[in-house]
Amino acid sequence: MLTVKTKSDLRQALHGARLAGHSIGLVPTMGNLHEGHLQLVRAAVADCQCTVTSIFVNPLQFGKSEDLNSYPRSLVYDTNLLSETGCDLLFAPDITEMYGIAGSMKTNILVSSITQNHCGKTRPKHFEGVATVVTKLFNLISPDQAYFGLKDYQQYRLIEQLIADLDFNIKLNGLPTARDDSGLALSSRNIRLSSEQRRAAPALYQQLQRTAELILRGNQDLRRLESEASRSLAAQGLEPDYFNICHARSLEMACQHDKDLVILAAVFAGDVRLIDNVSLTI
Ligand code: PAF
């Protein structure tokens, strides 16, 4: 596996693959890789002749009071893991390489509507940062296929919309959330959980499943289910940010007639923010 840190080295490294007519798969990440990321990379390796993984902790998607500085970084460890997956190319730029000198970048990509609520409410500029960096990666790499985890469901819907709206000729693949034995969704942030928070954290997925089950059994009082779920999470030591039963595509609050639903939730375990979701069809 080749590691490149500049855009020009990236273009040069991809030139051969392009000339040979090889299909290119992209897995965008912020590093500190876990099994969930590796599943995305393995899927890309299986589908495409050339797999590119990017590792870039994107400052544009962190708010001022968020964990940009403490976000775990582990490039050497990540490089070793990646080289065992069959990944061909690692793109690991620094901030100046990606955005130029501070303040020189003047363009932001805003995907409206689906980004307004849920995580978008608590993290106002987050999705603009995600859309902007993903657009840059798509332009730099021109992948045939891109791979994202469905744990970040709202992000996945954003990318789907972005690809359609900006005419990217990219097949989007959303892979199921990877979980540990307790059901906790794998996340780079999990290593920041104390042992007590770690014990409480699986309650999030358990609550999502319980609420989904109640809906499937015919309970239609969705707003009440949301508030009961939030209360139950708080009682288990997880401070709810939101617990919303939504239409699976528009991400608007679901009503009784909707059939395809997704329950989106975010909680704080101390200062560690955890998100998860469950999809269901009635
Ligand atoms: O999901 C992530 O890790 C990030 O939001 C992404 C897509 C790599 C953009 O920085």
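Since every read-out is calculated from the coordinates, none of them should be taken as a lab result. Predicted model only: the values in this text are computed from it and were never measured. Note: ideal-geometry Cβ built from the backbone for every residue, glycine included; neighbour counts use all protein chains shown.
Sort out which residues of segment 68-127 are under 22 Å from Gln161 (Cα atoms) and of a type in the set (Phe, Trp, Tyr), and write them in order of number.
Across segment 68-127, the qualifying residue is only Phe127.
From the residues in segment 43-74 that are under 21 Å from Leu140 (Cα atoms) and surrounded by fewer than 17 Cβ atoms within 10 Å (Cβ to Cβ), which one is farthest from the ligand (Cβ to nearest atom)?
Top of the filtered list is Gln49.
Name the residues in segment 172-210 that are under 24 Å from Ser74 (Cβ atoms), within 19 Å of the chain's Cα centre (by Cα) and among the polar types (S, T, N, Q), would you?
If the condition is that a residue be under 24 Å from Ser74 (Cβ atoms), within 19 Å of the chain's Cα centre (by Cα) and among the polar types (S, T, N, Q), then Thr177, Ser187, Ser188, Asn190 are the ones that fit.
Exactly one of (1) closer than 20 Å to Asn169 by Cα; (2) part of a loop (DSSP other than H, G, I, E, B) is unmet by Asn32. Its number?
Asn32 satisfies all of (1) closer than 20 Å to Asn169 by Cα; (2) part of a loop (DSSP other than H, G, I, E, B) except (1).
Tally time: how many residues in segment 133-151 are buried (at least 20 other Cβ atoms within 10 Å of the Cβ) and either more than 28 Å from Arg179 (Cβ to Cβ) or among the charged types (D, E, K, R) (or both)?
4
Hey, Asn190 hits all of (1) at positive phi; (2) outside any loop (DSSP other than H, G, I, E, B) but one; which does it fall short on?
Of the numbered conditions (1) at positive phi; (2) outside any loop (DSSP other than H, G, I, E, B), the odd one out for Asn190 is (1).
Go through segment 123-171 and give me each residue that's within 12 Å of the ligand (Cβ to nearest atom), free of Cβ contacts under 8 Å to residues at least 60 places away in the same chain and under 16 Å from the mean Cα position of the chain (by Cα).
Ala131, Thr135, Gln155, Tyr156, Leu158, Ile159, Leu162 - these are the residues of segment 123-171 that are within 12 Å of the ligand (Cβ to nearest atom), free of Cβ contacts under 8 Å to residues at least 60 places away in the same chain and under 16 Å from the mean Cα position of the chain (by Cα).
Could you tell me which residue of segment 95-122 is surrounded by the fewest Cβ atoms within 10 Å (Cβ to Cβ), considering only residues that are outside any helix (DSSP H, G or I) and touching a residue at least 60 places away in the same chain (Cβ under 8 Å)?
Ser113
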